1. Out of all DSSP beta bridges with both ends in the chain, state the antiparallel percent to the nearest 5.
2. Compute the Kirkwood hydrodynamic radius of the chain, taking the inverse of the mean of 1/r over all pairs of distinct Cα atoms, and give it in Å to one decimal.
3. Please find the FRET efficiency linking Lys237 to Gln27, where r is the Cβ-Cβ separation and R0 is fixed at 22 Å, and quote it to the nearest 0.05.
4. I want to check the label-to-label distance for Lys327 and Asp158. Put each point 7 Å from Cα in the C-beta direction and report it in nm to one decimal.
5. So which lysines pass the test for Lys138, namely a Cα distance under 22 Å, with those fewer than 8 places away in the same chain ruled out?
6. Once you list every other residue whose beta carbon is under 12 Å from the beta carbon of Thr69, what net charge do they have if Lys and Arg are +1 and Asp and Glu are -1?
7. What is the percent carbon and sulfur in the accessible area of region 1-150, measuring with a 1.4 Å probe over the protein chains and ignoring ligands?
8. About its Cα centre, what dipole magnitude does the chain give when the only charges are +1 on Lys and Arg Cβ and -1 on Asp and Glu Cβ, stated in debye to the nearest 20?
Amino acid sequence: MQNDRQMPWKGEKDPYKIWLSEIILQQTRVGQGLEYYHRFIKQFPDVHALAKAKDQAIFKLWEGLGYYTRCRNLIAAARYISKDLKGRFPATYEEINALKGVGPYTASAISSFAFNLPHAVVDGNVFRVLSRVFGIAKPVDSTEGKKYFTQLANDLLDKKQPGLYNQAIMDFGAVVCKPAAPLCQTCVFNKTCFAYLNKKVNELPVKEKKTSIKKRWFYYLVLEYGNETAIHQRTGKDIWNQLYEFPVVEKERETSIEIILQDAEKSGLLSKKKYEMVAISPLFRQQLSHQLIAGQFIKIKLQKKKMAMSKMLWVKANQLKKFAFPKFINQYFDKAKEQTLFREK
């Protein structure tokens, strides 16, 4: 069967490029991730170039990929390799695994693809192939299951060609043994595959955990004074850390704009009777892995610039796009051009 599945690390031996592609492709569709990978390689052709770049420039290039902890870890690891290791990429599994943001899966991928070291790569595709072919019902998201599948994958690994073997089984899971509508009729294992022979293809692999989704409502105040708009950088361990946003009033449920403005006055974001609400956006939504973010943008003209708002930047309208914003806010920027979508007050 012809396999034309494009992956940045196919045939690549530069550990920097393999590492970069693996970090970018974590929790990201290949089609989307490839575009970002090529942009990063063009702007940062080696680890020194990435390490020297300003955080904001890297975050701006990452904008839209989500899971921004990956980006922060990428920056930290690049600077460690560039400064502490003088640009020499770690060449053993243990050293690679010790890099910030790298776990067993990524360490196995880099060590096998770049250095041909005998470490099995166990991703969702590999879990699925092994579970179905051998009829293993251990939950792939449990500690016991992960340990069992990792051991099995390493036992099956071609120690002489680990990189080629890892690539082959991952591609097989993505192209043939797919999550839905797998190509069982033409599969080379259909004479021995437990799941196929026992009509359990749709039951394997097994997962035990159900993801609970937390709902959050963000009401952004787009505060304008003259040609300037107020923004600030998110900090702490919450979502979108180090990205920029407008001042926000967060609620646990959908709330009237009147109450939002009252709360903004109480918190000091607005001065009573010294502002004019000029427009309200439609409802925006963004689904994260464990959270559903919903909310609106309230455009407000201030009579006086509030200098008391701590850590607030006042940015000219034509300079806003230089800052890295979460996808939720970029949706607003994209739609704001279509003025008919906004309810004027």
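The values are calculated or read from the model by the stated rules, or taken from the named source; none is laboratory data. Predicted model only: the values in this text are computed from it and were never measured. Positions of Cβ are generated from backbone atoms using ideal geometry, with glycine treated the same way; all protein chains shown enter the neighbour counts. With ligands, DNA and RNA removed, areas are computed over all heavy atoms of the protein, side chains included. Shrake-Rupley method; radii C 1.70, N 1.55, O 1.52, S 1.80 Å.
1. For the chain, the DSSP antiparallel bridge percentage is about 70.
2. 23.1
3. 0.75
4. With each label placed 7 Å out from Cα toward Cβ, I get 3.6 nm.
5. Hits, sequence-local ones excluded: Lys146, Lys147, Lys178, Lys199, Lys200, Lys207, Lys209, Lys210.
6. Details: positive: Arg70, Arg72, Lys100, Lys237; negative: Asp238.
Result for the neighbourhood of Thr69: +3.
7. Working: 3670 of 6930 Å².
Ligands and nucleic acids excluded, carbon and sulfur give 53 percent.
8. Values: 57 positive and 33 negative charges, 158 e Å.
Computed charge dipole of the chain: roughly 760 debye.
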